[in-house]
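Taken together, the values in this text are just the output of simple stated rules run on the coordinates, not laboratory data. This one's a predicted model, so the numbers in the text were calculated from it and none came from an experiment. Positions of Cβ are generated from backbone atoms using ideal geometry, with glycine treated the same way; all protein chains shown enter the neighbour counts.
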Amino acid sequence: MQNIEKLRTFTGTLLSPFIVIWFWIKRYLIHCTFLFRARSAVVRVPLYYYPFAFINMLLNNTVLSAKEFYLNYCLKEYTKFIPQHYSLNGMGYRGDAKLSEEEKAKKFQTLKGRISHYLSSYPQYMDYTDGDSILDLGCGRGENIRFLIEHFPHSRIHGVDISKSALGVLETGTKENTLITSKEGSITDIDLLKSYPDGSYDHVVISHVFSFIIRNNVEQTQELRKEIVNQLIRICKKNVMIMDGHIMGEPYDMTFFIEHKYRGVFREPILKYFLSHSDKGTTCIVGSVEAKSNALLFTKQKSDKCGSRN
């Protein structure tokens, strides 16, 4: 760590003169562009500002075009790579399929789910009651399910995941519990979601999966995410909870973050997908330092628990 800090300090010192120069150039270009766009009978703009304004606008458009191409290319390629990550021999659940039944059962008992932090910190928002039914989409090995079993022993819980080996850990760890069921499937399978009747589960939970929901470009990705949210709200009776690693309500630019060779995340504010459902309930965004996560909670009942509607 010390060597990394020294390298960072050295790099910053080396680049600082260029950064300072770029600051003054960029400041002047932005100022010229601002005056050019604000020009009127009152605001007179010197003619020599015009070429600088055009240069700045050209640079901005070029950067935006490059970002758009890069983002769409990342989405297109990682639609192939992410499934490989969670495949039988992928990095996601490597080794789970080779575990003995005893090893799977032990592994399940060591799992920790992020939902625990939210249920303990925001019980007034969550509205979970023992006996409620819960659908965990993208449940993995059952990290959240293990916690839910301990605190809601009479609840019917159904887990869905694309990894058969991960589900093997869940199924082995809960084989004596008839209230726990699971199925191999993907949250991106709209037909699968449509197979669940309206209001068939009190709660729908998605933990650190939504960012991996992508298609070949931004438009297709957003269309898919919107339809998934529509289905989740239809399925739930009480609420939908989406946990993820970024601030999902902030209006920052769309980005694609490459985690490693086979996994990357498409980040965007997902609050917009719930706006068309503001007549059905309320939306909150809460955070957890312990879970290193944020959560969007859509509560179907009309209430003021989360503040103003959407």
key: For region 184-240, the fraction of alpha-carbon pairs in successive 5 Å shells from zero, as %   = 4, 19, 28, 27, 15, 6, 1
remark   = Sequence order, region 147-154: Karplus ³J(HN,Hα) from phi using 6.51 cos²θ - 1.76 cosθ + 1.60, θ = phi - 60°, Hz rounded, Gly and Pro as x, gives 5, 5, 4, 5, 9, 9, x, 9
Using θ = phi - 60° and Karplus 6.51 cos²θ - 1.76 cosθ + 1.60, couplings along region 25-38 (whole Hz; Gly, Pro as x) = 5, 5, 4, 5, 4, 5, 5, 4, 5, 4, 5, 4, 6, 9
request  = Taking the Cβ of each residue in VAL63, VAL169 as the centre, tally the other Cβ atoms inside 10 Å and list the residues starting with the fewest.
outcome  = VAL63, VAL169
Sequence-distant residues sharing a close amide H with LYS238 (under 5 Å, placed H) = HIS203
request  = Take the chain, compute every pairwise Cα distance, and split them into 20 Å bins from 0; I just need the percent in each bin.
outcome  = 27, 48, 22, 4, 0
12 Å beta-carbon shell around GLY264, net charge (K/R +1, D/E -1) = +3
task = Just subtract the alpha-carbon distance of ARG27 and VAL43 from 0.36 nm times their residue separation and send over the number in nm, one decimal.
result = 3.8 nm
ask   = Residue by residue, what Karplus-based ³J(HN,Hα) values in Hz, rounded to whole numbers, does region 228-243 have, using 6.51, -1.76 and 1.60 with θ = phi - 60° and x for Gly and Pro?
value = 4, 4, 4, 5, 4, 5, 5, 6, 6, 9, 10, 7, 10, 10, 10, 9
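Starting from 0.36 nm per residue, how many nanometres of slack lie between ASN177 and ALA105 once their C-alpha separation is accounted for? Working shown, then result.
Working: separation 72, 0.36 × 72 = 25.92 nm, distance 1.28 nm.
Length gained, ASN177 through ALA105: 24.6 nm.
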query = Give me the Kirkwood hydrodynamic radius of region 125-213 in Å, from all C-alpha pairs, to one decimal place?
reply = 13.2
request  = Taking amide H positions as placed in the peptide plane 1.01 Å from N, state which residues far from GLY264 in sequence (5 or more) or on other chains have amide H under 5 Å from it.
outcome  = GLU259
